[in-house]
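Since every read-out is calculated from the coordinates, none of them should be taken as a lab result. All of these numbers come straight from a predicted model, not from anything done at the bench. Here the Cβ is made from the backbone with ideal geometry for all residues, glycine too, and neighbour counts use every protein chain on show.
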Amino acid sequence: MFVWRKGGESLKNYRQSLNIFIDGGFLEKVFSKLGEPKIDYLRLYSWISRQVMVPRLRTYYYHCLPYQGNPPTVEEKDRFSKKQRFFNKISSLPRSEVRLGSLAYRGRSEEKQPIFEQKKVDVLMALDIARSAFEQQISHIALISSDSDFVPAIQMAKDKGIIVYLLYSHEIKPHHDLVEACDEIIYLTMDDIQEMELK
């Protein structure tokens, strides 16, 4: 569901090109709240393009492979292999690229649960947003994330005349500063998810 913001006029006739930037970890959390649907990512890309009313140039998907101990357990190997196959599938889609950071083990919580920290994912996404803006490749950006660390890169893109859309679900809301920084909001609903599911 698309929501106009800040009294802006319709952008229907301002058609150039769109890059989509997806924080894979955040999107996984959204899908887990919505029952873990099996998504056709090409349908997701097309749905976003229709909402923005601009043809998609490229999609960038950011994540990291699961942690493996030394030596890895059978369960860790299996989880790593499944995630690798998934990333390969995403990168094989037309004009779709996967950017991988790394996952660092940070010990255990008081509840004895392992603590992991993503490294480089935010930096990679921010750099790609800024590069797209400075190279004037695109006129629109669609962002799926919750992290306010992207605000400077978004502001840079806006200063270059790029219109920035933020997509999120009511189940997991992004940081307030990120919402404020983006030009327009698109809410992802269960009805929308059903359009994107694998048939």
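Divide by every residue of the chain the summed helix terms, -39500 (n - 2.57) for each DSSP H run of at least 4, and state the resulting mean residue ellipticity at 222 nm, rounded to the nearest 500 deg cm²/dmol.
Details: 7 runs with 76 residues, N = 199.
It comes out at -11500 deg cm²/dmol, rounded to the nearest 500.
Pick from 113, 136, 68: which residue has the top mean-square fluctuation in a GNM of the chain where Cα pairs under 10 Å get a spring?
113
Measure out, as a whole number of angstrom, how far apart the alpha-carbon centroids of the stretch 174-199 and the stretch 119-162 sit.
For the stretch 174-199 versus the stretch 119-162, the Cα centre distance is 17 Å.
Take the Cβ-Cβ distance between residue 17 and residue 112 as r, set R0 to 45 Å, and report the resulting FRET efficiency rounded to the nearest 0.05.
Working: r = 49 Å, r/R0 = 1.08.
Calculated transfer efficiency: 0.40.
For the chain, with a Gaussian network of springs between Cα atoms less than 10 Å apart, report the residue from 21, 150, 134 with the top mean-square fluctuation.
134
Taking amide H positions as placed in the peptide plane 1.01 Å from N, state which residues far from residue 98 in sequence (5 or more) or on other chains have amide H under 5 Å from it.
Residues meeting the criterion, in which the H sits 1.01 Å from N, are 61.
Between (1) 113; (2) 137; (3) 166, which entry matches volume of the Cα convex hull per residue in Å³ as derived from the coordinates of this structure?
Recomputing volume of the Cα convex hull per residue in Å³ here picks out (2).
Please list, or write none, the lysines whose alpha carbon is within less than 16 Å of the alpha carbon of residue 38, excluding same-chain residues fewer than 8 places away.
Correct list for residue 38: 29, 82, 83, 89, 199.
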